[in-house]
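Each value in this text was obtained by applying a stated rule to the coordinates, not by laboratory testing. Note that the structure is a prediction, hence the values are computed from the model and not measured. Here the Cβ positions follow ideal geometry from the backbone for every residue, glycine too, while neighbour counts run over all protein chains shown.
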Amino acid sequence: MEWIIEPLDKTHDRAAFSCEELGLTRFLQGQALEDPQRLLGGVYAACESGSKHVCGYYAISSYLIARSIMPKEVKQHPSMPRYESSPVFLLGRLARSIEWKGKGLGEFLLVSALTRASLHAESLGCTAVVVDTISEPARNFYHRYGFMDIPDDKDRLYMTMLAIRASLRL
């Protein structure tokens, strides 16, 4: 199977998309085209090569995270600035259609998002990627790929840009 990732636009067929989380399905079918127009972040669609049928998508935006909530080992790393907050990318949504469950599309979307974040990290400023998990299966998915817990916030995970680049071999 060959998927392509491209910025979501009105030519994409979003109507048939359905995933396990109703909020993620509704976002794609409603608000997803508005966020980029309002300069809130990018939304990227995964489609089979030659098709505009959305198989999966992710939304990514810039974000700040307070230094006070960062894990101690991250705060003390020599590459981490000592500012009150640190620029990160927020992977706000990532979903694949139910029909593609178990076929590697979730991993493909995550690698695309992390690669995109890494490519823009230096020019835009980014020390990590943060995700807010909405369910235990989502949390487990991100843990499998090396995301770590943010202390005192059971729904938020992170991966440093150094770890992302090492895992992607960039």
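The modelled label-to-label distance for the pair ASP9/SER135, using points 7 Å beyond Cα in the direction of Cβ, is 3.2 nm. Taking the average, over residues, of other Cβ atoms within 10 Å as the packing measure, peptides 127-140, 13-26, 105-118 rank 105-118, 127-140, 13-26 from highest down. Taking a Cβ cut-off of under 15 Å around GLU122, the surrounding Lys, Arg, Asp and Glu residues balance to a net charge of +2, with basic ones at +1 and acidic ones at -1. Along region 95-106 the Karplus relation, 6.51 cos²θ - 1.76 cosθ + 1.60 evaluated at θ = phi - 60°, assigns HN-Hα couplings of 8, 10, 5, 3, 5, 9, 4, x, 10, x, 5, x Hz to successive residues, with x for each Gly and Pro. On the basis of the beta-carbon distance and an R0 of 45 Å, LEU124 and LEU22 show a calculated FRET efficiency of 0.90. Once the Cβ-Cβ distance of GLU34 and LYS72 is raised to the sixth power relative to R0 = 41 Å, the FRET efficiency obtained is 0.60. Annotation: the residues CYS126, CYS55, sorted from fewest to most other C-beta atoms within 10 Å of their own C-beta, follow the order CYS126, CYS55. Put in order of Cβ neighbour count within 10 Å, fewest first, the listed residues LEU39, LEU8 become LEU39, LEU8. For a 23 Å ceiling on Cα separation, which of these pairs sit above it: LYS10/LYS103; LYS52/LYS103; LYS72/LYS154? Long pairs (Cα-Cα over 23 Å): LYS10/LYS103.
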